[in-house]
Every structure is written in structure tokens, then in C-alpha cells.
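So the structure is just underneath, and the comments pick up after that.
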Amino acid sequence: MRGEISNEYQKLNSEDQKAFPRWLWANAVVGAILLAGLIALALKFPGDQSGATAQHATRTQANPSPERTSELPSR
């Protein structure tokens, strides 16, 4: 089990051995950018409600919905 990755790497031809570190580096850069974006979003909105959620909460508090009654509508 140990060393299987290095064995597979050594089996690659020289062109693929050169491409693998570039691929690995590119994936690390993209992952770091995505992580930075997630952290920025988390810091920008720490427990803050979105505008739509805040508007909905304000509207429902100001105008509570009428409770349903068991009465049948008159005919």
C-alpha cells in the first residue's frame, strides 16, 4: 500500500512527469482562491441576515398572518 503513488509516478513517461506537478500546482492555486472567497464571504456576513430574509421578517412582524378558524365560509 505504501509507495503506490510514487510507483505510479515513476511509471509515467517524462512528459507526464513534467505535467503532473503543474497540474497539482494549478489545483492548489484554484483551491486557495476558492477558500479565500469562502472566508471573505464568512467574514462579510457574520450571522447577518440577507436583505430578503430581513424584509420578510419585518413584513411578517408588522402584518401577522390571520390565524385560520374552523368556521366554514357563509354561502
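Every number in this text was worked out from the coordinates using simple rules, so none of it is lab data. Just so you know, these numbers come straight off a predicted model, no measurement behind them. We place every Cβ from the backbone using ideal geometry, glycine too, and count neighbours over all the protein chains shown.
With both labels modelled 7 Å from their Cα along Cα-to-Cβ, the Ile39 to Leu12 distance reads 2.8 nm. Computed from the Cβ-Cβ distance with R0 of 30 Å, the FRET efficiency linking Val30 to Ile5 stands at 0.90.
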